[in-house]
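Visitor: Below is a structure I'd like to ask you about.
The values are calculated or read from the model by the stated rules, or taken from the named source; none is laboratory data. Please read these numbers as outputs of a predicted model, since none were measured by experiment. Because the Cβ atoms are built from the backbone with ideal geometry, glycine has one as well, and the counts that use them run over all protein chains shown. These accessible areas exclude ligands, DNA and RNA; they are computed on the full protein's heavy atoms, side chains included. Shrake-Rupley method; radii C 1.70, N 1.55, O 1.52, S 1.80 Å.
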Amino acid sequence: MAQLSEEELSGIYDFTVQLAKDAGRLLLDGAKSRMGDDGMPSLDTVEKDSSVDVVTKIDEDVEAFVKNSILFLGEETYSKGATREYLVDDLPTWVVDPLDGTVNYTHIFPMFCISIGFVFQGEPIIGVIYAPMLNQLFSSCRGRGAWLNDTTRLPLLRNPIPPLPDNAPKGCIFSCEWGKDRRDAPDGNLVRKVESFMNMACELGGRGGKGGMVHGVRSLGSAALDLAYIAMGSFDIWWEGGCWEWDVAAGFAIVREAGGIITTANPPGAPETDVIGKAPLGGRLYLAVRPAGPSTTETGRQAQERTVREVWKRVVKLDYSRP
Ligand code: IPD
């Protein structure tokens, strides 16, 4: 298949940024319309798989807006994400979450956003995440860096980019999500996640040696924003299972362009030595580590890999498959 020229890439990038801004404004208008003096009208929501998996009317409205806009780009453009089959192939593909952080949105907790990824030959190469209530727009285009609000290059601390702590995960901010699988089963994902969170948070030496003593544990409720904050360098580690390619496509592009890495959440057979590969976009299992500068003893990449292995030693395998 033909490659994209730099001009074509620029056109698609500019279009994507504008689309995210326009769609973000729709989200914000929707939120503001519920904040009037005369009380909060009930939000039009429908439960999907569980009571925490809701679709709002605004979700559908923004998706329709984005789909209509994308059709203007031309015949080589595909809008996908409406089914749970993995549809991404080598063709240019738009992978869009019109509203990521839906539960936050329903509670007017500002961590919600629109996430637009452009995937070419299977790789996310353009990403835009816009959180309108925070006024934060994250964007990246292959080879051109990752940016906050068009002007501030990511990661935020870059002169120099800080190395990862020598004894990571100690000293790291660990970001994770509780997810929508709330089954109270010993081998359910909720129990596996909480066990992993405990290991990461617990004092060193605790939990049979698995205690990681991370600096803090955070759950934003938006996978897209989790990844944006990894690219910023504000989060050191993000570990999550269960979300979908539309939650992470834009974040993949932004994190990688900022210098972060994303591999699989599930520890391999030999966490100490197995090769650290790239997480497949549709794999539903993600472990991201922020951009890292070199120290006197290792490169940034070596420190990222060391951190991945330390996380793998402490987390429990999750069980998410595709339908
Ligand atoms: C959800 C959020 C959440 C993640 C879930 C996603 P939605 O997306 O990204 O952080 O844990 O797996 O489904 O439903 O708000 O678009």
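Visitor: Simple spin-label model, 7 Å along Cα-to-Cβ: ARG301 to ASP274 in nm?
Guide: 2.1 nm
Visitor: Where the only charges are on Cβ atoms (+1 Lys, Arg; -1 Asp, Glu), what is the dipole of segment 236-323 about its Cα centre, to the nearest 20 debye?
Guide: 80 debye
Visitor: Using the Karplus curve 6.51 cos²θ - 1.76 cosθ + 1.60 with θ = phi - 60°, work out ³J(HN,Hα) for each residue of segment 307-317 in order, rounded to whole Hz, and write x for Gly and Pro.
Guide: Running phi through 6.51 cos²θ - 1.76 cosθ + 1.60 with θ = phi - 60° gives 5, 4, 5, 5, 5, 3, 5, 10, 9, 9, 4 Hz.
Visitor: With contacts defined as alpha carbon pairs under 8 Å and 6 or more residues apart, what's the relative contact order of the chain in percent?
Guide: 16 percent
Visitor: Where nothing but the Cβ of Lys and Arg (+1) and of Asp and Glu (-1) is charged, how large is the charge dipole of segment 152-282 around its Cα centre, in debye to the nearest 20?
Guide: 200 debye
Visitor: Counting only protein heavy atoms, what percent of the accessible surface of the chain is carbon or sulfur at a 1.4 Å probe?
Guide: Answer for the chain is 53 percent, counting heavy atoms of protein chains only.
Visitor: Measuring with a 1.4 Å probe in the full set of protein chains, what accessible area per residue, in whole Å², belongs to segment 82-162?
Guide: In whole numbers, segment 82-162 has 39 Å² accessible per residue.
Visitor: Starting with the highest mean, order 203-211, 88-96, 274-282 by the number of other Cβ atoms within 10 Å, averaged over the residues of each peptide.
Guide: Most protected by this proxy first, the peptides run 88-96, 274-282, 203-211.
Visitor: Right, here's the next one. Need one word for segment 67-158: rounded, prolate or oblate. Basis is the Cα gyration tensor (sqrt eigenvalues a ≥ b ≥ c); a/c below 1.5 gives rounded, then a/b vs b/c decides.
Guide: oblate
Visitor: Quick one: of LYS80/LYS317; LYS57/LYS180; LYS57/LYS80; LYS21/LYS317; LYS80/LYS180, which pairs are farther than 27 Å apart, Cα to Cα?
Guide: The pairs that break the limit, which is 27 Å between Cα atoms, are LYS80/LYS317; LYS21/LYS317.
Visitor: For the chain, what is the charge dipole size about the Cα centre, in debye to the nearest 20, if Lys and Arg each add +1 at the Cβ and Asp and Glu each add -1 at the Cβ?
Guide: Approximately 1120 debye in magnitude.
Visitor: Would segment 192-323 count as rounded, prolate or oblate if I go by the C-alpha gyration tensor, calling it rounded below 1.5 in a/c and otherwise prolate when a/b exceeds b/c, oblate otherwise?
Guide: It is rounded, given that a/c, with a ≥ b ≥ c, falls under 1.5.
Visitor: Using only the Cα atoms of segment 176-239, build the gyration tensor, take square roots of its eigenvalues as a ≥ b ≥ c, and label the shape rounded, prolate or oblate: rounded if a/c is under 1.5, else prolate if a/b is larger than b/c, else oblate.
Guide: It comes out oblate by the Cα gyration axes.
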